[in-house]
Amino acid sequence: MFGFPYFMTTVVILVVLLLISMFRILREYERGVVFLLGRFYKVKGPGLIIIVPLIQQMVRVDLRTLVMDVPTQDVISRDNVSVRVNAVIYFRVVDPERAVIHVENYLEATSQLSQTTLRSVLGQHELDEMLSERDQLNVDIQKILDKQTDAWGIKVANVEIKHVDLDESMIRAIARQAEAERARRAKVIHALGEQEASEQLLKAAQTLAQQPQAIQLRYMQTLTEIAGQHSHTIVFPLPVDLLSQFQDWAAKAKAPVTGTGGENTG
């Protein structure tokens, strides 16, 4: 007599708990992959959904963009230089059904795939390309990851290489290479400047040769510029043409003057 009410009370409590457990609330960025007796049923959410206990099971999937740090990888470049590279990838689940059914753990699978892809892609490039063409390498890695993770319902949005660490000896070698490159460029620029200056001097000489008086004017201008400097000693070249002109003038001055009339006789 007294045990029956307790039994009914227990049954009512179990039924209430069972009904409460049927209701699930999924946020806007969540989806529920529902299985009915072990077989895929449908994807539900967001909002309030009903899951029949013991018959249906649900797996929550986050649809937000996830940020995953790729551990530092030892990479040997195409020119046999050992470097340590790490990166970060941004991805999200676009198909919850495939992300749950086609791969056991899509987070771990994406992490391992990103590590192997990072090593394989960077190993095909030289060290200079890793340092100077990082944006293009990011795009190449992103395309490869996005293509391979498409079967898992995952979209890789972006890949960023964060650090490329070198040994101290390699850093010194790169510094010496950069110094030699700067010295080479300086010599080339100096040679180009000399070539352009010689061409302009040739044009100026051709122009001055057309009028000899212009050479003398240029010479006097040069003397004026030298005189303007605060110096006790002024050394300037004396053109040979100028000396020859003075000699011609002197020779004409010493020459006897011949009269136009007849000679006087005594």
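Considering each residue of segment 42-49 in turn, none proves to be touching a helix residue (DSSP H, G or I) at 6+ places or on another chain (Cβ under 7 Å), closer than 19 Å to Ala109 by Cβ and modelled with pLDDT of 90 or more. Would you mind telling me which numbered condition in (1) in a strand (DSSP E or B); (2) out of contact with any Lys or Arg (no Cβ under 9 Å at 6 or more places or on another chain); (3) among the β-branched types (Val, Ile, Thr) Ile161 fails? Only one criterion is unmet by Ile161, namely (2). Scanning segment 167-177 turns up one or more residues that are out of contact with any Asp or Glu (no Cβ under 7 Å at 6 or more places or on another chain) and outside any helix (DSSP H, G or I). In the set Gly32, Gly45, only one residue is surrounded by 13 or more Cβ atoms within 10 Å (Cβ to Cβ), in contact with a Leu (Cβ under 8 Å, 6 or more places away or on another chain) and at positive phi; that residue is Gly45. So in segment 60-71, with the set limited to residues that are of a type in the set (Val, Ile, Thr) and surrounded by 15 or more Cβ atoms within 10 Å (Cβ to Cβ), which one is farthest from Val164 (Cα to Cα)? Checked segment 60-71; the qualifying residue farthest from Val164 (Cα to Cα) is Val61. Name the single residue that is most open to solvent (accessible area, probe 1.4 Å) among those in segment 72-102 being more than 19 Å from Lys147 (Cβ to Cβ), in a helix (DSSP H, G or I) and of a type outside the set (Asp, Glu). The extreme case among them is Ile101. Within segment 103-130, the set of residues being open to solvent by 80 Å² or more (accessible area, probe 1.4 Å) and farther than 20 Å from Arg64 by Cβ comprises Glu104, Gln112, Arg119, Gln124, Asp128.
The values are calculated or read from the model by the stated rules, or taken from the named source; none is laboratory data. All values reported here derive from a predicted model rather than from experimental measurement. Neighbour counts are summed over all protein chains in view; Cβ atoms, including those assigned to glycine, are modelled from backbone coordinates with ideal geometry. For the accessible areas, the whole protein counts, side chains as well, though only heavy atoms, and no ligand, DNA or RNA atoms are used. Shrake-Rupley method; radii C 1.70, N 1.55, O 1.52, S 1.80 Å.
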